[in-house]
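> Take this structure, written in structure tokens, and hold onto it; I'll ask about it next.
The values are calculated or read from the model by the stated rules, or taken from the named source; none is laboratory data. Everything numeric here is computed off the predicted structure, so don't read it as measured data. Cβ atoms come from the backbone with ideal geometry, glycine included; neighbour counts cover every protein chain shown.
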Amino acid sequence: MTAQIKVLGAGVTLSLAVALGACGSTHTMPANYAPAQTAIGAADAIGAKNEPRAALHLKMARDAVAQAETLARHGDEHEAELTLERARTDAELALMVTREAAARREASTAKREVDSLPRTN
């Protein structure tokens, strides 16, 4: 009997939490929210936070997403959409800057290796 009460109590608590959560989230994010988050995740995955220029754009993207969430919460969906586009663009720029820096490092390493090869006439 005690186990049934615990399960029932947990079920009621879970139902109450879901109901309160549904009441608290009356705003919806614009359709371009997921692409912005995906771009941020991609930049994170390749280490953009370790490349100073890329880290700046990644921070700008995260800040823009936070701003878009606030705008959407206040009902300004159009402005939230525009802000999310900026966030996606900043995240994609962070991704490109990180890739460019990696390519430059690889090219520099390859050049050093070529330069260290013995010269033949």
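> Under the condition of being part of a helix (DSSP H, G or I) and touching a Leu at 6+ places or on another chain (Cβ under 7 Å), which residue from region 45-58 is surrounded by the most Cβ atoms within 10 Å (Cβ to Cβ)?
Applying the first criterion (part of a helix (DSSP H, G or I)) to region 45-58 yields 45, 48-50, 52-58.
Next, from what is left, pick out any that are touching a Leu at 6+ places or on another chain (Cβ under 7 Å): 48-49, 57.
Working: ALA48: 27, LYS49: 14, HIS57: 22.
Among those that are part of a helix (DSSP H, G or I) and touching a Leu at 6+ places or on another chain (Cβ under 7 Å), it is ALA48.
> A further question follows. Pairs under 6 Å by beta carbon, first residue of a type in the set (Lys, Arg) in region 77-97, partner surrounded by fewer than 20 Cβ atoms within 10 Å (Cβ to Cβ) and in a helix (DSSP H, G or I), six or more apart or different chains?
Pairs found: ARG88/PRO35.
> Is region 32-40 home to any residue that is surrounded by fewer than 10 Cβ atoms within 10 Å (Cβ to Cβ) and either part of a loop (DSSP other than H, G, I, E, B) or modelled with pLDDT of 95 or more (or both)? Before the answer, list the steps.
Going residue by residue through region 32-40, those that are surrounded by fewer than 10 Cβ atoms within 10 Å (Cβ to Cβ) are none.
Taking every residue of region 32-40 in turn, none turns out to be surrounded by fewer than 10 Cβ atoms within 10 Å (Cβ to Cβ) and either part of a loop (DSSP other than H, G, I, E, B) or modelled with pLDDT of 95 or more (or both).
> How many residues are more than 16 Å from GLN37 (Cα to Cα) and within 13 Å of the chain's Cα centre (by Cα) when one looks only at region 57-103?
Looking only at that region, the number is 0.
> Related question: Residue by residue through region 59-79, note down the ones that are among the β-branched types (Val, Ile, Thr) and surrounded by 15 or more Cβ atoms within 10 Å (Cβ to Cβ). Give the steps one after another, and end with the answer.
Kept after step one, since they are among the β-branched types (Val, Ile, Thr), are these residues of region 59-79: 65, 70.
Answer for region 59-79, where residues must be among the β-branched types (Val, Ile, Thr) and surrounded by 15 or more Cβ atoms within 10 Å (Cβ to Cβ): just VAL65.
> Just name the residue that is farthest from ALA48 (Cα to Cα) out of those in region 59-117 that are part of a loop (DSSP other than H, G, I, E, B) and out of contact with any His (no Cβ under 9 Å at 6 or more places or on another chain). Explain how you work it out, then say what you get.
First, pick out the residues of region 59-117 that are part of a loop (DSSP other than H, G, I, E, B): 74-76, 117.
Within this subset, residues satisfying the condition of being out of contact with any His (no Cβ under 9 Å at 6 or more places or on another chain) are 76, 117.
Values: ASP76: 30, LEU117: 33 Å.
Applying the filter and picking the extreme gives LEU117.
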